[in-house]
Amino acid sequence: MGDWTGYLLLILDGAWVTVRLTVMGCALALVVAFIAGLGRIAPWAPVRWLATAYIEIFRGTSIFVQLFWIYFVLPLTGVALTPMQAGVLALGLNVGAYGAEVVRGAILAVPRDQYEATVALNLTGWQRLRHVILPQALPLMLPTFGNNAIELLKATAVVSLISLSDMTFQAQIVRSQTGNTILPFVTILVIYFALSLLIAAIMGRIERRVTRGLDGVR
Amino acid sequence: MIVHQFNAAGSKARQDLDDAPIIRIHDLRKSFGSLTVIDGLSFEVHRGEKLALIGPSGSGKTTILRMLMTLETISGGRIEVCGEPLYHMSRNGAEVPADEAHLHEMRRHIGMVFQHFNLFPHKSVIDNITLAPMLTQGVARADAERQARELLEMVGLADKEASMPSQLSGGQKQRVAIARALALKPEIMLFDEVTSALDPELVEEVLEVMKRLAAETDMTMLLVTHEMGFAREFADRVLFFDRGRICEQGTPEQIFTNPAQDRTRTFLRKIIAAGHRV
Ligand SMILES: Nc1ncnc2c1ncn2[C@@H]1O[C@H](COP(=O)(O)OP(=O)(O)OP(=O)(O)O)[C@@H](O)[C@H]1O
Ligand SMILES: [Mg+2]
């Protein structure tokens, strides 16, 4: 059993990679989701087209393909990325495309009344968004953002295909070195599950914070 | 009292009714798809005038206010506010459709109170009121809050500044909405059926505030209402709309006691039958 500790450490190394991928991927996805989501409803048609194209392409193709393009095809144009950078970029852009639709949907779900009040009070476009629309749209986005973050965590395993040693990759190493299939895969199952519980808990906290004071509104 | 700041030119305003009109509407048209709602409408409003717009449902009263507030585009014709075209601007000597910057500039003259209050649910009463002056007029927070408290006092809600809108009754919400619109000190205020979403027992408290405003300020006010008794008391002039046009206009006395048009008579009879006070 002494050996197993070493193997567990190997898997925990992988878990750390998975956590970093998840955190950075989520951060990128969040930024991208807001940019593309706002772009989708921007008053300028070219911006809307660009945002729509991005969203449709990244939702319409698989994350495997996206990852391969970013890691193997992009270098042909002179942009070489480390596996970690490629992984974060693929995850962020993929999940960001789904997040963009969440941002857009939440903004459009804020009653039109609210927009009209901001016009009557002569706020500028940015002020309307910043002070009235987004604060009311944010609580609508958070539950789905939580799901997206968990989706992203689960998708991190694809990076093992570009030989990034995330948790799944390490589990396979352990399996091939020990011949034991059950133990490494039970371990990562438990860790993945714990991580998604953690994400859910964090999102729950944020949600409660953001919706505080909005009770009785919806 | 806060009203004094609106009252600077106070009683004088009413005598200056023959100054240049503050609102000039000429041959205005508005269609929604194939439905023409406003059809060749022209009228003028003088500075300080209190106007009541009445008429059957669907006659275009709300649409007119919304066009003045730039919440709808116009399909044709012209609106001038404070001597400047609202939906047009001149560029290189030619008149072109107004851009957002021009609309932003023009909106400074106009405020609006909505039927459903449209308070910001995520902001406290006082933040609802201070938001726009701080953002659009660069008023310092302390000054904006001082002014907001005066306005709250005027509408009888001095004790509610920290409340959230969800904690207020409809009548209280509407009074906050009035204070919020007043905080920007617009020259023109538009009121669209501001009491029709309220329970009957809450109507009076809002009308009281409006009556005081009408009596004590020199603001130009356009009021759409089904409260004929209130229109009569409030207005200098009543416009009766039918199918997107002015069917008849005159002093409240003329319209309510001696209307010239059959359609006006029919409308007033119906509204009395429906239980509205005249
Ligand atoms: N956004 C819109 N799209 C299509 N039709 C509209 C729109 N807004 C208003 N209308 C139509 O325009 C006409 C005038 O509407 P408006 O709301 O101005 O009437 P109103 O005089 O205010 O009536 P009410 O007394 O019922 O409030 C109505 O026939 C209405 O259905
Ligand atoms: Mg109406």
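Label point 7 Å out from B:GLN137 along Cα-to-Cβ: which residues of segment B:34-67 have amide N under 19 Å?
B:48
How many partner chain Cβ atoms sit within 10 Å of a residue's Cβ in peptide B:121-127, on average, as a whole number?
Mean number of neighbouring Cβ atoms from other chains: 4.
Taking every alpha carbon pair in segment A:156-211, what does the distance histogram look like in 10 angstrom bins from 0, in percent?
Bins of 10 Å from zero give 23, 36, 23, 14, 4, 0 percent of pairs.
Per-residue HN-Hα couplings for segment A:91-105, Karplus 6.51 cos²θ - 1.76 cosθ + 1.60 at θ = phi - 60°, whole Hz, x for Gly and Pro?
Those phi angles translate into 5, x, 5, 5, 6, x, 5, 5, x, 4, 5, 5, 4, 4, x Hz.
What does the extension gain come out to for A:TRP49 and A:LEU189, with contour length at 0.36 nm per residue minus their alpha carbon separation?
Full extension of this stretch gives 46.3 nm more.
Explain nothing, just the number: relative contact order of chain B, from Cα pairs under 8 Å at least 6 residues apart, as a whole percent.
25 percent
At 7 Å along the Cα-to-beta-carbon direction for both A:ALA109 and A:SER163, put a label point, then send me their distance in nm to one decimal.
Result: 4.5 nm between the two label points.
Over chain B, with every protein chain in place, what whole percent of the accessible area is carbon and sulfur at 1.4 Å, could you tell me?
Within chain B, the accessible surface is 46 percent carbon and sulfur.
Which percent of the accessible area of segment A:2-211 is formed by carbon and sulfur heavy atoms (probe 1.4 angstrom)?
Here it works out to 69 percent.
Of the beta bridges DSSP finds with both residues in the protein assembly as shown, what % are antiparallel, to the nearest 5?
Of the beta bridges lying entirely in the protein assembly as shown, close to 60 percent run antiparallel.
Based on Cβ point charges of +1 for Lys and Arg and -1 for Asp and Glu, what charge dipole magnitude is obtained for the protein assembly as shown about its Cα centre, in debye rounded to the nearest 20?
780 debye
Express the relative contact order of segment A:1-158 as a whole percentage, based on alpha carbon pairs under 8 Å and six or more residues apart in sequence.
Contact order relative to length: 33 percent.
Using a 7 Å offset from Cα along Cα-Cβ at A:THR82, what residues in segment A:46-76 end up with backbone N under 16 Å from the label point?
The answer is A:71.
For B:ASP27 and B:ALA273, what is the calculated FRET efficiency with R₀ set at 22 Å and r taken between the beta-carbons, to the nearest 0.05?
0.05
Over all directions, what mean area does the Cα convex hull of the protein assembly as shown project, stated in square nanometres?
Orientation-averaged projected area of the Cα hull: 31.7 nm².
Residue by residue, what Karplus-based ³J(HN,Hα) values in Hz, rounded to whole numbers, does segment A:76-84 have, using 6.51, -1.76 and 1.60 with θ = phi - 60° and x for Gly and Pro?
Values per residue, Gly and Pro as x: 5, 8, x, 9, 9, 10, 5, x, 4 Hz.
If r is the Cβ-Cβ distance from B:ASN92 to A:THR5 and R0 is 60 Å, what FRET efficiency results, to the nearest 0.05?
So the FRET efficiency works out to roughly 0.15.
How many Å² of accessible area per residue for chain B, probe 1.4 Å?
43 Å²
Using only helices, what value at 222 nm comes out for chain A when you add -39,500 (n - 2.57) per DSSP H run of length 4 or more and divide by the total residues, to the nearest 500 deg cm²/dmol?
-25500 deg cm²/dmol
Along the charge dipole of segment B:139-199, pointing to its positive end and built from +1/-1 on Cβ of Lys, Arg, Asp and Glu, which listed residue (B:VAL155, B:SER169, B:ALA144) has its Cα farthest out?
Working it through, the farthest residue towards the positive pole turns out to be B:ALA144.
One quarter of the convex hull surface, Cα atoms only: what value does that give for segment A:2-211 in nm²?
That works out to 13.8 nm².
How about segment A:1-76: which chymotrypsin sites (Phe, Trp or Tyr not before Pro) there are in a DSSP loop, with at most 12 other Cβ atoms within 10 Å of their Cβ?
Of the chymotrypsin sites (Phe, Trp or Tyr not before Pro), the ones in loops of segment A:1-76 whose Cβ has at most 12 other Cβ atoms within 10 Å are A:TRP44.
Over 25 Å between Cα atoms: which of B:LYS61/B:LYS173; B:LYS30/B:LYS185; B:LYS61/B:LYS270; B:LYS173/B:LYS211 fall into that group?
Too far apart for the 25 Å limit: B:LYS30/B:LYS185.
What number comes out for accessible area per residue over segment A:2-211 if the probe is 1.4 Å? Units Å², please.
50 Å²
How much accessible area is lost when chains A and B come together, counting both sides, with a 1.4 Å probe, in Å² rounded to the nearest 100?
The summed interface area works out to 2000 Å².
The values are calculated or read from the model by the stated rules, or taken from the named source; none is laboratory data. Nothing here was measured: the structure is a model prediction, and the numbers come from that model. Because the Cβ atoms are built from the backbone with ideal geometry, glycine has one as well, and the counts that use them run over all protein chains shown. Just so you know, the surface numbers come from the protein's heavy atoms only, side chains and all, with ligands and any DNA or RNA stripped out. Shrake-Rupley method; radii C 1.70, N 1.55, O 1.52, S 1.80 Å.
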